[in-house]
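Working notes, structure below.
A short reminder: the numbers here are calculations on the coordinates, not readings from a lab. What you are looking at is a predicted structure, and each value in this text was computed from that prediction instead of being measured. Here Cβ is always computed from backbone atoms with ideal geometry, including for glycine, and neighbour counts include all displayed protein chains.
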Amino acid sequence: MKRLWQMYYRNNQDEVDNFVRLVRYFVPFKWRLAVSVACAGLVSAATAATAQLLEPTMNRVFVEQDREFLKVIPWLIIGLFFVKGVFRFLQNYILRATGERVIAQLRSELYRHYQYLDARYFTDNKVGVMMSRITNDVNMMQRAVPSMVSLFREPLTMLFLVGVAFYNFWQAALFVFIIFPLTAIPVAQFGRRLRKWVRRGQERMGEMNSILKETFSGVRVIKAFGMEEYEIKRFDDENERVYHANIKALVFEELSSPSIEALGAIGAAVVVVVGGGMVINGTITTGSFFAFMGALGLSYEPLKKLNKMYVNFQAALAAASRVFEVLDTPPDTVDRPGAVSVEAVNEGVRLEGVKFRYEDDGHNVLDGIDLDVTAGQMIALVGSSGAGKTTLVNLLPRFWDVSEGRIAIDGRDIRDIELVSLRRLIGMVTQDVFLFGDSVKSNIAYGHDQEDMDRVIAAAKDANAHDFVQNLPNGYDTLVGEMGVKISGGQRQRLAIARALYKNAPILILDEATSSLDAESEREVQVALERLLVGRTSFVIAHRLSTVQRADRIIVLKDGRVVEDGRHEQLIERGGEYARLYSLQFDTEGPSDAPTPAPEARE
């Protein structure tokens, strides 16, 4: 047996490991499961008793014509079915309720794990695929929950029925239960193929979700370029792939039952011929034969349910393997042992020999950055597209970790600061503002347990947002829609500034915060930004030249390196890279508001 188990485990290691891992989620509910198993035992015993009742019924009622026993038998039948009904309900309810709790817990665990994965993971994986893990894959695992009922009850039922069969007609029972194990062969074969195609179908479903996410988010671009038919074809092609994978899974799922029925029919035919002859010869009684046949017939239903359970488990394990892949993906950005909490920035921020590359074997996007920023200084980051500006500011809150060198706050490596604490120190306003589909006040106070309305209004006023918020249908309780679609770009930007003001972090990052706005909105936002910058250590990837000119220092980046550092007038006099960029922008947009170069999409 040990050798057979080792051989099976070697060939099905992933399946066994995923099953064991899934079962561990039920361990905290072991007492509920114990009650459920006890109920299953009573249901199985009642089922076997029903089969055994055929023996005295046939012999005493139909052969001996015992009228007194005929009066008793209906009450026995009713009692047995009442017991079965009550305890079947209790077992089903306890086990399925427990299973639903486990699935809900698993879904929450998966979502929680997603929240703590790194920015790198989200850039390398499609949103639709990640959504599919939480929805489709977990729902597929949910199919296994009803099968857990069969896992406990049906083997017990078959065990009791086997006892009845052997008690009444052991010769035929021996033959039949030699044939029964043969049913495991087609079931196992079909199960392996089913798992393969279910997994492929789930992967295809994830790709289809990605297409849906892209097309729904980019519907205006699709319409602007007249690409409706192209996107329809792209979706239909992926939909066909899902269909074909699901059809393959359906074939292997449905083939298992006919295989069992064929083997069962062969066994039943042999038993009828042999058993009928033995009844005629007087070797066994009519009642014993019918009790045996009753046990045999009743055991067929548990066998079918066990087959269905195996099929569902194969589908669930295919989904579980995808879910566990995510749960086994460790975040790269974690707290170091002994990381501390920091509440303020007293000295400043220092970058020492910072190098960064997105891929381990890729080129350095930042290549040896040394920068010392005193607390309260405003630093403007300037450079052409691809110079590394956005990458640099994304290293400060540890969206990515440096590949070499270090970043320190008040002399302490930021990797030695608790992530939650570090990110509390930093406020961000970016070009692409993200608002939640919640109220205005909730978006401004996002990240705080309590919404202080006085503070919300004060932040909105400083962000030049209070007036337009008051004119919204429900003021600060107005829902802004998904990603803030119900308000304008300038209004979204001012709410983002209000959110940063409400957070009141000592370090501020502005990444092209006004580049996508029209002139009027930009003036409103610019005034709000000036208030936001006061008293904070700021890193500004600037769009407006006026912002750059007010900076304490301008850092010019080129090919991932700092090539110039100074104030506006100093850098113009040097006639270097900054002067060249300034000249290009000046010639393009005029002296009054010449912006620094356009933002990079991803550096």
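Given labels modelled 7 Å from the Cα in the Cβ direction, how far is it in nm from ARG574 to ARG523?
Taking the two extended label points, one gets 3.5 nm.
Ordered by packing density, taken as the mean number of other Cβ atoms within 10 Å over each peptide's residues, highest first, how do 529-542, 406-419 rank?
529-542, 406-419
In nm, what is the difference between 0.36 nm times the number of residues separating GLU207 and GLU530 and their Cα-Cα distance?
111.9 nm
In this model, which of LYS355/LYS503; LYS233/LYS486; LYS126/LYS233; LYS84/LYS304; LYS126/LYS503 are farther than 25 Å apart at the alpha-carbon?
Beyond 25 Å between Cα atoms: LYS355/LYS503; LYS233/LYS486; LYS126/LYS503.
Take the Cβ-Cβ distance between VAL20 and ASP124 as r, set R0 to 30 Å, and report the resulting FRET efficiency rounded to the nearest 0.05.
0.55
Pulled fully out, how much extra length does the chain show between GLU231 and ASP401, if you take 0.36 nm times their separation in residues and subtract their Cα-Cα distance?
Here the segment from GLU231 to ASP401 would lengthen by 57.5 nm.
Stretched out fully, how many nm does the piece from ARG3 to GLU109 gain, at 0.36 nm a residue minus the Cα gap?
34.5 nm
Mind listing the long-range amide H neighbours of LEU508? Cut-off is under 5 Å, sequence gap 5 or more, other chains count too, H placed in the peptide plane at 1.01 Å from N.
For LEU508, whose amide H was placed from the backbone, the distant partners under 5 Å are GLY427, THR537, SER538, PHE539.
Order 433-440, 200-207 from most to least packed using the mean count of other Cβ atoms within 10 Å.
Most protected by this proxy first, the peptides run 200-207, 433-440.
So for the pair GLN470, GLU325, with labels modelled 7 Å out along Cα→Cβ, what separation do we get in nm?
Using points 7 Å along Cα→Cβ, the separation is 5.5 nm.
Under 5 Å between amide hydrogens, which residues at least 5 positions from ARG553 or on another chain qualify, with H placed 1.01 Å from N in the peptide plane?
Excluding prolines and chain starts, which carry no amide H, the hits are MET378, ALA380.
Evaluate the distance, in nm, between pseudo-label points positioned 7 Å from the Cα of VAL334 and of ARG10 along their respective Cα→Cβ axes.
Distance between label points: 3.4 nm.
From the phi of every residue in the range 460-473, what ³J(HN,Hα) in whole Hz does the Karplus formula 6.51 cos²θ - 1.76 cosθ + 1.60 yield, where θ is phi - 60° and glycine or proline is x?
Karplus-based 3J(HN,Hα) across the range 460-473 equals 5, 5, 5, 8, 6, 10, 4, 5, 6, 5, 4, 8, 6, x Hz.
Got a sec? How would ILE222, ILE78 order by Cβ neighbour count within 10 Å, fewest to most?
ILE78, ILE222
Please work out the FRET efficiency for the pair PHE434 and ILE78, using the Cβ-Cβ distance as r and a Förster radius of 56 Å; give the result to the nearest 0.05.
After rounding, the FRET efficiency stands at 0.30.
Taking amide H atoms as placed 1.01 Å from N in the peptide plane, list the residues 5 or more away in sequence, or in a different chain, whose amide H sits under 5 Å from that of VAL562.
Hits under the 5 Å cutoff: ASP370.
What ranking, highest mean first, results for peptides 110-120, 445-455 when packing means the other Cβ atoms within 10 Å averaged over each residue?
110-120, 445-455
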